[in-house]
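For reference, the structure is listed below as structure tokens.
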Amino acid sequence: MLLNGHVLALFARYPEPGKVKTRLAARIGANAACRVYEDILKSQIQEHVGRSYDFVVFVDPGNRAVEFARAYEVPTLPQADGDLSNRLADCLRILLQRHEVAAIAGSDIPSLTEARVEEAFEAARSVDAALGPCPDGGYYLIASRLQLDAFAGIPWGTDGVLQATLDRLRSKGYTWKLLPPERDVDEADDLELLDENQRHYTDLW
């Protein structure tokens with residue numbers, strides 16, 4: 001049964017040095033990269049808990065989901081096995097079993113606000129998919145009221161992720177809308193390009 005509501009899911013890895021933000025770690029070290037990631041993650045949890053939409057974190061690896069829930073006091077579910085395509089599809093399937101519109105976002109987007117998430121939900125009521133592009137060619141969020149066939153065959157981790165996803169949506173006859181861009185944090189340069197309100201992450205190096 002649907003809950004007549006919306007839900008935001010963050011896709012997150014359990015914070016552990018050497019297991020998160022490896023490209024950032026190559027520049028600033030594994031411990032510092034983990035501190036940055038965890039600080040962004042905590043800020044995202046604080047931003048999205050208690051809003052008009054439900055909130056859940058899908059945790060990788062799945063066997064750390066209960067531990068994550070205890071540590072950060074948020075609802076969690078384990079990410080599915082398999083590649084990112086399979087994990088995203090499984091997440092969307094689970095969310096839409098109980099909600100009318102679901103959004104999935106990365107956990108490394110310092111600027112992802114309640115207002116932007118609400119904008120995504122609004123867009124997903126009029127098109128099949130709403131996507132938030134990143135400057136690196138990926139996307140930070142996807143929202144839909146449908147079980148999209150949008151994730152198979154995407155070259156994850158490259159600058160062609162967004163375009164390949166749009167091509168797949170087009171080939172399947174879906175409609176979509178692009179949201180304003182937001183920056184994810186993968187490299188040290190990404191931290192230096194954040195706006196003034198987010199520059200404090202560089203203090204964690």
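Scanning the stretch 108-125 for residues that are part of a helix (DSSP H, G or I), in contact with a helix residue (DSSP H, G or I) (Cβ under 9 Å, 6 or more places away or on another chain) and surrounded by fewer than 23 Cβ atoms within 10 Å (Cβ to Cβ) gives a single hit, E114.
Checking the structure you have, find out if any residue of the stretch 10-28 is in a strand (DSSP E or B), touching a Lys or Arg at 6+ places or on another chain (Cβ under 9 Å) and in contact (Cβ under 8 Å) with a residue 60 or more places away in the chain. There is at least one residue in the stretch 10-28 that is in a strand (DSSP E or B), touching a Lys or Arg at 6+ places or on another chain (Cβ under 9 Å) and in contact (Cβ under 8 Å) with a residue 60 or more places away in the chain. Would you check if A150 is touching a helix residue (DSSP H, G or I) at 6+ places or on another chain (Cβ under 9 Å) and within 21 Å of G5 (Cβ to Cβ)? When the stated conditions are applied, A150 does not pass them. Annotation: F11 fulfils all but one of (1) over 22 Å from P181 (Cα atoms); (2) in contact with a Ser or Thr (Cβ under 7 Å, 6 or more places away or on another chain); (3) among the aromatic types (F, W, Y); the unmet one is (1). Looking at the stretch 121-136, is at least one residue at pLDDT 95 or above and touching a Gly at 6+ places or on another chain (Cβ under 7 Å)? No, because not a single residue in the stretch 121-136 is at pLDDT 95 or above and touching a Gly at 6+ places or on another chain (Cβ under 7 Å). If you go through the stretch 126-177 and pick out every residue that is hydroxyl-bearing (S, T, Y) and buried (at least 16 other Cβ atoms within 10 Å of the Cβ), you end up with 5.
For the stretch 153-188, the set of residues classified as within 18 Å of the chain's Cα centre (by Cα), assigned to a loop (DSSP other than H, G, I, E, B) and basic (K, R) consists of R183 only. Tell me, please, whether a residue that is touching a Leu at 6+ places or on another chain (Cβ under 6 Å) and surrounded by fewer than 19 Cβ atoms within 10 Å (Cβ to Cβ) can be found in the stretch 93-107. Checked the stretch 93-107: at least one residue is touching a Leu at 6+ places or on another chain (Cβ under 6 Å) and surrounded by fewer than 19 Cβ atoms within 10 Å (Cβ to Cβ). Among A65, A25, A33, which is surrounded by 19 or more Cβ atoms within 10 Å (Cβ to Cβ), more than 15 Å from the chain's Cα centre (by Cα) and more than 21 Å from V185 (Cβ to Cβ)? Every option except A65 fails the conditions. Going by what's in this entry, would F58 be described as aromatic (F, W, Y), outside any helix (DSSP H, G or I) and at pLDDT 95 or above? Yes: the conditions hold for F58.
The values are calculated or read from the model by the stated rules, or taken from the named source; none is laboratory data. Remember, it's a predicted structure, so these values are computed and weren't measured experimentally. Cβ coordinates were reconstructed from backbone atoms using ideal geometry, including for glycine residues, and neighbour counts include every protein chain displayed.
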